[in-house]
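Peer 1: Sharing a structure here in structure tokens format.
Each reported figure results from applying straightforward, stated rules to the coordinates on display, with no laboratory input. All values reported here derive from a predicted model rather than from experimental measurement. Note: ideal-geometry Cβ built from the backbone for every residue, glycine included; neighbour counts use all protein chains shown.
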Ligand code: NAI
Ligand code: CS2
């Protein structure tokens with residue numbers, strides 16, 4: 001069993017006394033990514049500088065009770081196994097999480113900590129859907145059930161946004177400076193969108209509060225990058241075999257990591273830039289767009305086409321040369337070609353590095369995991385690139401195949417007739433859409449494109465867009481996903 005004092009010659013142990021930490025950060029969304037990214041960066045920044053007031057109180061507001069109980073049973077210490085490209089591994093004991101909470105039923109303990117003057121940052125990894133935004137427009141969905149609940153019950157909010165608004169309101173009433181809200185999700189312009197959502201919500205409750213938030217609260221944007229697959233029985237067993245001890249909070253990830261952060265914090269921030277891979281900049285947006293389109297856009301193509309082709313993990317997709325060819329083509333010709341960077345950028349090297357990262361056999365990153373919540377991911381991963389390519393009269397066959405793959409996937413049935421466990425806030429609507437016009441694929445594609453939470457009407461009615469997606473949809477229907485990728489690979 002791992003705890004804060006655990007030591008082994010296979011582990012890079014912590015170099016400070018974790019009982020000295022106080023919590024300056026409240027994190028909402030204690031999943032896999034937080035533990036392998038922000039919490040590890042914070043741990044290493046504390047190790048480097050001895051700034052003990054940046055400990056973390058990490059909370060789950062939906063589910064995750066078992067993980068929290070497991071972490072608590074080992075003093076919130078856990079190991080991060082970094083799988084290096086050469087097959088070796090580096091294992092680190094991470095101890096920046098001082099407290100963990102699961103507050104599904106009663107949010108009061110969390111609100112109290114968010115309201116404390118020692119809390120300077122509230123960070124988030126709540127998945128794309130946690131922001132309750134319309135994916136196509138980025139506007140807060142005031143009719144979303146969680147948001148509607150919180151507007152009616154501001155003292156007992158359920159959503160992350162509701163918690164932030166209520167905690168900020170409490171701080172304002174007590175004359176405590178506002179914390180900085182730090183979104184670490186793969187949402188475009190994540191800080192700006194989080195800010196807009198929080199302000200829209202506050203406006204529906206109290207205009208003065210909304211004005212105060214607009215003036216006083218910082219919402220820096222971030223680009224976060226590290227591939228962190230969900231843990232499986234196999235990965236836990238592998239960690240146990242290597243370490244010779246059980247770690248219920250263990251995480252396995254890649255060695256690569258990046259964190260680009262807009263330097264705008266009202267109550268200070270940890271010295272994260274003391275740690276490899278983190279940097280503070282004035283404008284995150286170009287880095288974020290590059291990562292969302294090149295990395296995440298490729299991931300989604302591999303996830304939908306790969307899942308339908310029977311490939312369970314990304315590294316298995318990368319063993320298929322046709323998948324690699326389409327991915328490389330997509331990155332260079334359909335993603336990089338649409339990006340505008342502030343300085344000369346070697347997109348081809350970035351693409352090759354991504355291919356190397358995807359190929360890492362130590363990462364069992366399931367296509368099913370990445371395929372999740374597609375309605376929330378498709379717009380920022382593919383559609384802005386498609387708009388640019390359409391405007392420039394350039395081809396976008398890989399994006400079209402990705403979109404068509406998503407449409408087949410969310411129908412809920414695979415190529416062998418087996419059920420797909422589709423996880424998506426719009427799952428019911430997507431399934432119902434797929435079940436219409438089954439004998440008329442053109443109509444089926446049109447029905448999907450009419451989902452205006454995903455596709456804006458201008459794109460959905462663009463003739464070339466409709467025709468390319470329909471062609472790709474037919475190709476998968478006729479030949480299957482594996483062959484459709486191979487056919488595309490022949491033409492590029
Ligand atoms: P996970 O499944 O381990 O954890 C998801 C977390 O989100 C849980 O703490 C859960 O309680 C919370 N959550 C889910 N729905 C929510 C909602 N409606 N409101 C509030 N909280 C909610 O997933 P993981 O790997 O931690 O990823 C989380 C997010 O982190 C991703 O969606 C992505 O935006 C970002 N991310 C993940 C990376 C990865 O490779 N895993 C890398 C880069 C970013
Ligand atoms: C993935 C990302 O699940 C997904 O949608 O594309 O979580 C991806 O692993 C990360 O963004 C890598 O930084």
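Peer 1: Just from its helices, what would the mean residue ellipticity at 222 nm be for the chain, if runs of 4 or more DSSP H residues each count -39500 (n - 2.57) and the sum is divided by every residue, rounded to the nearest 500 deg cm²/dmol?
Peer 2: Computed ellipticity for the chain at 222 nm equals -13000 deg cm²/dmol.
Peer 1: Give me 299, 149 sorted ascending by neighbouring Cβ count inside 10 Å, so fewest comes first. Don't skip to the answer; put the middle values down first.
Peer 2: Details: 299 25, 149 15.
Starting with the residue having the fewest Cβ neighbours, the order is 149, 299.
Peer 1: Something else: Need one number: nm distance between label points at residue 69 and residue 173, each 7 Å from Cα along Cα→Cβ, rounded to one decimal.
Peer 2: 3.4 nm
Peer 1: Where the eigenvalues come from the Cα gyration tensor of region 1-97, what are the semi-axes √(5λ) of the equivalent ellipsoid, largest first, in whole Å?
Peer 2: Over the Cα atoms of region 1-97, the ellipsoid semi-axes are 20, 17, 13 Å.
Peer 1: Right, something else. What FRET efficiency comes out for the pair residue 214/residue 105, r = Cβ-Cβ distance, R0 = 30 Å, nearest 0.05? Mind showing how you got there, number by number?
Peer 2: On the way: r = 32 Å, r/R0 = 1.08.
Working from the Cβ atoms, E equals 0.40.
Peer 1: Once the chain is represented by equal point scatterers at the alpha-carbon sites, with solvent omitted, what log10 I(q)/I(0) does the Debye formula produce at q = 0.10, 0.12 Å⁻¹?
Peer 2: One equal scatterer on each Cα of the chain leads to -0.78, -1.12.
Peer 1: Continuing with the same structure: What's the center-to-center distance, using Cα atoms, between region 55-97 and region 336-386 in Å?
Peer 2: 25 Å
Peer 1: Using the beta-carbon distance between residue 236 and residue 142 and R0 = 56 Å, what value does 1/(1 + (r/R0)^6) give for FRET efficiency, to the nearest 0.05?
Peer 2: 0.85
Peer 1: What's the exposure ranking of 256, 78, going from fewest to most Cβ atoms within 10 Å?
Peer 2: The order, fewest Cβ neighbours first, is 256, 78.
Peer 1: Can you tell me how much longer the chain between residue 282 and residue 134 gets when fully stretched, taken as 0.36 nm per residue apart minus their C-alpha distance, in nm with one decimal?
Peer 2: The residue 282-residue 134 span can extend by a further 50.6 nm.
Peer 1: Work out the FRET efficiency for residue 52 and residue 483 from their Cβ-Cβ distance, taking R0 = 45 Å, and round it to the nearest 0.05.
Peer 2: According to the calculation, E is roughly 0.20.
Peer 1: Using only the alpha carbons of region 285-491, what is the convex hull's orientation-averaged projected area in square nanometres?
Peer 2: 10.9 nm²
Peer 1: Using 0.36 nm per residue of separation minus the Cα-Cα distance, give me the extension gain between residue 355 and residue 471 in nm, one decimal.
Peer 2: Working it through step by step, the gained length comes to 39.1 nm.
Peer 1: Points 7 angstrom from Cα along the Cβ direction at residue 248 and residue 464: gap in nanometres?
Peer 2: Between residue 248 and residue 464, the simple spin-label model gives 5.7 nm.
Peer 1: Could you tell me the relative contact order of region 285-491? Use alpha-carbon pairs under 8 Å, at least six residues apart, and round to a whole percent.
Peer 2: On the way: 258 pairs, mean separation 56.4, N = 207.
Worked out over region 285-491, it gives 27 percent.
Peer 1: Right, next: Using only the alpha carbons of region 285-404, determine the length spanned along each of the three principal axes and report them from longest to shortest in whole angstroms.
Peer 2: 36, 27, 24
Peer 1: What number, in percent, do you get for the relative contact order of the chain if the mean sequence gap of Cα pairs under 8 Å and at least 6 apart is divided by its residue count?
Peer 2: Computed over the chain, the figure is 14 percent.
Peer 1: Next question, about the same structure. Limiting things to C-alpha atoms, what are the Rg and the maximum Cα-Cα separation (Dmax) for region 2-281, in angstroms?
Peer 2: 18.4, 57
Peer 1: Here is a further query. Just how far, in whole angstrom, is region 435-484 from region 259-324 if you go by their alpha carbon centroids?
Peer 2: Here the two parts' Cα centres lie 27 Å apart.
Peer 1: Compute the length gained on full extension between residue 206 and residue 423: take 0.36 nm times their separation in residues and subtract their Cα-Cα distance, giving the result in nm to one decimal.
Peer 2: The span from residue 206 to residue 423 would gain 74.6 nm if fully extended.
Peer 1: State, to one decimal in nm, how far the label point of residue 112 lies from the label point of residue 436, with both points 7 Å from Cα in the Cβ direction.
Peer 2: Here the modelled spin labels are 5.1 nm apart.
Peer 1: Only counting other Cβ atoms within 10 Å, I'd like 396, 52 sorted with the fewest neighbours first.
Peer 2: Working: 396 27, 52 16.
Ranked by crowding around the Cβ, least crowded first: 52, 396.
Peer 1: In whole Å, what is the distance between the alpha-carbon centres of region 1-26 and region 138-217?
Peer 2: Here the two parts' Cα centres lie 33 Å apart.
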